[in-house]
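Here is the structure we will look at.
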Amino acid sequence: MEMVQTPATMVKIFRFLFVCAVLLAIAACGFVGITLWYFGRDLPDYQQLAHYQPPIMTRVHAGDGRLLAEYATERRIFVPIQAIPKPVINAFLSAEDKNFYNHHGVDPVSILRAAITDVSRFRANRRPVGASTVTQQVAKNMLLSNEVSIERKIKEILLATRIEAALPKERILELYLNEIYLGSGAYGVAAAALTYFDKSLDELTLGEAAFLAGLPKAPNRYSPARFPQTAKARRDWVLDRMVEDGATTQAEAAQAEAQPLELHHRQEAEEVRAPYFAEEVRRDLLARYGEKVLYGAGLSVRTSLDERLQAAADKALRSGLIAYEHSRGGWRGAIARIDPKGDWAAHLAAVPVPGVATDVGWRLAMVVRSEPDGAAIGFANGASGRIPFSEMRWARPRYNNGTFGPYPRGTGDVVKPGDVVMVDPLNAAKPEANGGKAAGLYTLCQVPEVSGALVAMDPHTGRVLAISGGFSFATSQFDRATQARRQPGSSIKPFVYLTALDHGFTPSTLVVDGPISLPQGPGLPMWSPTNYTKRGQEVRFRGPTPLRVALEQSLNAVTARVASIIGMESIAETVERFGIMDHMPREYSMALGAGETTLLRHTAAYAMLVNGGKRITPTFIDRVQDRNGATIFRADQRRCDGCDDVEWNHRPVPVIPDTREQVADPGSAYQIVTMLQGVVERGTAKVVQAVGKPIAGKTGTTNDWRDAWFVGFTPDLAAGVYIGFDDPDSLGDDETGGHIAAPVFRDFMIAALKDAPATAFRTPPGMRLYRVSAATGLPAGSGEPAIYEAYKPGTEPGHNRNLGLQHVPDEDETPIASTGGMDAGERLPPPVRGAPASGTGGLY
């Protein structure tokens, strides 16, 4: 029986279907709403993209503008969208999102096409293809993660639609082209153009732009270095897409496809080698601005580094440390051994090259055979050379217990065939080698165990011009110029004598050089310093001695006696005022350098002597600019009215005020400078005379010869040298600052002042010069060797001459606490201000 549907029945059916459709629509809307609410409740703040600035590298430059260092987590060069050429933009849009200007963050057609493709890929257990628009990629790269999940995809779509509503298309494209990773460590199109082709964006060819546009999908898979054919095929595919989109013509694309894909690796900018200096700058920036700004804010930093002085400092310090190693270190043996038979060059190439070799320019070589007058060596590249026996005479064996064997009598006592050693070419630095013919000749090398530092600065501004913090940064990043706190020894004495000059002494004042015992405090033995003598020699004293001679000859007894007369409180105030120490214990031993300081602080203190007693602060950074070129830090904070004018127009040159604090009397500072000249001319640093120009400084050596110092200056350059072991140990008998550190200072200064005219030290106004005997301080007779001594107004040779012949505290006075503090009831000898202190007088 056939069922007949009446119109009423049909109406009911349609009504039922309509209700179902409405309910389904409501349910769908509800589902969509709940989904949007659920996934949208914790979405990142996309509004930040309106002001987002991609992280770009910080660049640090030397004083002459050359690159010193780069700091970045991502190597990127930001380029505004207006500066990106149209062919580059078209290539990326054709490859990644041809409908970019027509959709609102999501391309439904592309999503449907990808979904159909992903069905088969899912069955094959392959990663699904993407259909992400440029906007979606911006959302993923900058606000989300790379997690492959439905949840992340939904969030990506939601963010993309909101970004499109909030930002203009050009801003979205700018973010994308500067943020995208394109392989080989390059982020953004500008960095990629330099990395792959060593070109700026406007120099790229159509084919090169297409290649870059093909990289975002899989930068490693399309690497032209690893997969050249795959990379070329990807480039050609992008070119074909550009033709389809009307972004280029068929003829232009065909011409581009016919060109080979040639890489031109980026030529590194000329860099200055100063790793210790760069590390000091990095630490300064990190402390000042934080890690995020340092590695991502694109700062431009101009430093005070002088590349010529830095090279001279590195060379002088390394040469000095090697010289000590040759005289005291001993040969510790080859770094490896290989079979000298067969393909030894391949085995040599497999030996790891020590970082120090790369840092200082040494090479690895294998001893091929021993010869009577040297050793034949070979290199991994097939080259050969020789080490003359004269270049290994120093290499006496050093045993595990620290003792040394005899000096070698032949090559076989040092090296044998198969030994892998480090060598350095003999060059003009050793013209005596082989009669001046050093081609193919090498010297045997070994990393010194002893270390040290050298720092140079402008004494007028405190700008650090060079710093060598050790033999090699690759071996140790510990900066011995700024981080090592060591006893300065006798190099502290100029500040003791400066205090005396401020208390009425003159360079000619007599002070007794004789045995002295000073109290250290209740319950402690008397302190009895003596003058330095070589081991085994008898201590000698000179009796009444001019202050100048005492400093030139570094007499400990005189310095201790001066300290007892003027008091340690005044000396400590001077030392602290010059920044050598922050809180110096008020103990007599501090007058002979028993405290601790760094080479940088000590050199800065000496700089304040030669600049007339003006305070300076060591600085490494001259100026810091942000990514937009605005100056955010300047070391020189002085005001300069009239310096903002771009054009001169023949107006008077602006006068910049001198705002430096006066920390010492200019007259006293100048007297110390001339006395330190005497240290070089007649005292413990005669080796520095070889500089051949007006120069001054002071040696320093600590107990058991553990630390060796020399700090000095010319009128416009201050420098300091420290040498010692990282784990304090004796440098050896009689290894003084004058013997170890002063030659390093000399070699540096010879190189630094090579083209500089001889400049006399500047005399402050009011000082009077008298012709006196350097040995006695009395007016010199006719024909008698003499110097011109500086005296303050109101003094003359013989004035206050006996001021230093004062009593010293006896054991009952206990003026100084050994703990450094001043307790109630303790007292110091009264300061001398132009007249002798009261007391019994006499010679002590």
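The values are calculated or read from the model by the stated rules, or taken from the named source; none is laboratory data. These numbers were taken from a predicted model, which means no experiment stands behind them. Positions of Cβ are backbone-derived with ideal geometry, glycine not excepted, and every protein chain shown enters the neighbour counts. Each accessible area value is taken on the protein alone, full model and side chains, heavy atoms only, with ligands, DNA and RNA left out. Shrake-Rupley method; radii C 1.70, N 1.55, O 1.52, S 1.80 Å.
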Checklist entry - Restricted to the stretch 766-794, and to residues that are at pLDDT 85 or above and of a type in the set (Ser, Thr, Tyr), which residue is nearest to Gly543 (Cα to Cα)? => result Thr776
Checklist entry - Would the stretch 814-835 turn up any residue that is modelled with pLDDT of 90 or more, surrounded by 13 or more Cβ atoms within 10 Å (Cβ to Cβ) and on the phi < 0 side of the Ramachandran plot? => result no
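Out of all the residues in the stretch 272-295, which are over 13 Å from the mean Cα position of the chain (by Cα) and either charged (D, E, K, R) or closer than 20 Å to Arg480 by Cα (or both)? Talk me through it step by step, then tell me what you get.
Let us first name the residues in the stretch 272-295 that are over 13 Å from the mean Cα position of the chain (by Cα), namely 287-295.
Ala287, Arg288, Glu291, Lys292 - these are the residues of the stretch 272-295 that are over 13 Å from the mean Cα position of the chain (by Cα) and either charged (D, E, K, R) or closer than 20 Å to Arg480 by Cα (or both).
Going by the conditions given, is Ser490 of a type outside the set (Phe, Trp, Tyr) and within 24 Å of Ala594 (Cα to Cα)? Please lay out each step first, then the result.
Working: of a type outside the set (Phe, Trp, Tyr): yes; within 24 Å of Ala594 (Cα to Cα): yes.
So Ser490 passes the test.
Tell me which helices (runs of 4 or more DSSP H) are completely within the stretch 150-227 and hold 2 or more residues being under 17 Å from Thr133 (Cβ atoms), or say none if there are none. I'd like the intermediate steps shown before the answer.
Numbers: elements: 150-166, 169-179, 189-197, 206-213.
Output list reads 150-166, 169-179.
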Checklist entry - Looking at Gln689, is it in a helix (DSSP H, G or I), out of contact with any Leu (no Cβ under 6 Å at 6 or more places or on another chain) and open to solvent by 20 Å² or more (accessible area, probe 1.4 Å)? => result yes
Checklist entry - Is it the case that some residue within the stretch 609-631 is modelled with pLDDT under 95, part of a strand (DSSP E or B) and surrounded by fewer than 24 Cβ atoms within 10 Å (Cβ to Cβ)? => result yes
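Name the residues in the stretch 243-286 that are of a type in the set (Ser, Thr, Tyr) and touching a strand residue (DSSP E or B) at 6+ places or on another chain (Cβ under 6 Å), would you?
Hit for the stretch 243-286 is Tyr276, nothing else.
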Next on the checklist: The conditions are (1) under 28 Å from Asn531 (Cα atoms); (2) crowded, with 17+ Cβ neighbours inside 10 Å, and Tyr788 fails exactly one of them. Which is it?
Outcome noted: (2)
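Is it the case, given these coordinates, that Lys534 is open to solvent by 40 Å² or more (accessible area, probe 1.4 Å), over 24 Å from Val464 (Cβ atoms) and charged (D, E, K, R)? So that I can check it myself, show each step before the final result.
Details: open to solvent by 40 Å² or more (accessible area, probe 1.4 Å): yes; over 24 Å from Val464 (Cβ atoms): yes; charged (D, E, K, R): yes.
Yes; evaluated as a whole, the condition is true for this residue.
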Next on the checklist: Whether any residue in the stretch 56-67 is farther than 21 Å from Lys199 by Cα, open to solvent by 40 Å² or more (accessible area, probe 1.4 Å) and in a loop (DSSP other than H, G, I, E, B) is what I want to check.
Outcome noted: yes
Checklist entry - Could you say which residue among Lys199, Lys169 is in contact (Cβ under 8 Å) with a residue 60 or more places away in the chain, out of contact with any helix residue (DSSP H, G or I) (no Cβ under 8 Å at 6 or more places or on another chain) and open to solvent by 30 Å² or more (accessible area, probe 1.4 Å)? => result Lys169
Checklist entry - What is the residue count in the stretch 586-601 for residues that are within 30 Å of Met526 (Cα to Cα), assigned to a helix (DSSP H, G or I) and touching a Gly at 6+ places or on another chain (Cβ under 6 Å)? => result 0
Checklist entry - Would the stretch 377-388 turn up any residue that is in a helix (DSSP H, G or I), farther than 29 Å from Phe473 by Cβ and touching a helix residue (DSSP H, G or I) at 6+ places or on another chain (Cβ under 9 Å)? => result no
Next on the checklist: With the structure loaded, tell me whether Phe633 is under 28 Å from Thr759 (Cα atoms) and not polar (S, T, N, Q) or whether it fails that test.
Outcome noted: no
Checklist entry - Quick check: is even one residue across the stretch 267-286 under 30 Å from Pro228 (Cα atoms) and of a type outside the set (Asp, Glu)? => result yes
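Among the candidates Thr659, Thr684, which residue alone is assigned to a loop (DSSP other than H, G, I, E, B) and over 30 Å from Ile787 (Cα atoms)?
Working: Thr684 fails: over 30 Å from Ile787 (Cα atoms).
Just a single option satisfies the conditions, and that option is Thr659.
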Item to check | the stretch 734-771, residues that are more than 45 Å from the chain's Cα centre (by Cα) and under 28 Å from Gln662 (Cβ atoms) | outcome: Tyr770
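Looking at Arg540, Arg601, Arg548, which one is open to solvent by 40 Å² or more (accessible area, probe 1.4 Å) and closer than 25 Å to Phe761 by Cα? Break it down stepwise before answering.
Details: Arg540 fails: closer than 25 Å to Phe761 by Cα; Arg548 fails: open to solvent by 40 Å² or more (accessible area, probe 1.4 Å).
Among Arg540, Arg601, Arg548, only Arg601 is open to solvent by 40 Å² or more (accessible area, probe 1.4 Å) and closer than 25 Å to Phe761 by Cα.
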Checklist entry - Any idea which of (1) part of a loop (DSSP other than H, G, I, E, B); (2) more than 36 Å from the chain's Cα centre (by Cα); (3) buried (at least 19 other Cβ atoms within 10 Å of the Cβ); (4) not aliphatic (A, V, I, L, M) is the one Arg234 doesn't satisfy? => result (1)
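Okay, residues lined up against (1) modelled with pLDDT of 95 or more; (2) within 30 Å of Val711 (Cβ to Cβ); (3) open to solvent by 80 Å² or more (accessible area, probe 1.4 Å):
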site: Val360; (1), (2), (3): no, yes, no
site: Glu371; (1), (2), (3): no, no, no
site: Arg409; (1), (2), (3): no, no, yes
site: Leu426; (1), (2), (3): no, no, no
site: Ala438; (1), (2), (3): no, no, no
site: Ala456; (1), (2), (3): yes, yes, no
Checklist entry - From the list Phe495, Phe471, which residue is closer than 30 Å to Pro657 by Cβ and at pLDDT 95 or above? => result Phe495
Checklist entry - Which pairs do you get when a residue that is over 21 Å from Leu305 (Cβ atoms) and part of a strand (DSSP E or B), found in the stretch 708-719, comes within reach of a residue that is modelled with pLDDT under 95 and acidic (Asp, Glu), reach meaning Cβ atoms under 9 angstrom, with the pair 6+ apart or on two chains? => result Ala708/Glu735
Checklist entry - From the residues in the stretch 250-264 that are among the aliphatic types (A, V, I, L, M) and without any contact (Cβ under 8 Å) to a residue 40 or more places away in the chain, which one is farthest from Ser223 (Cα to Cα)? => result Ala251
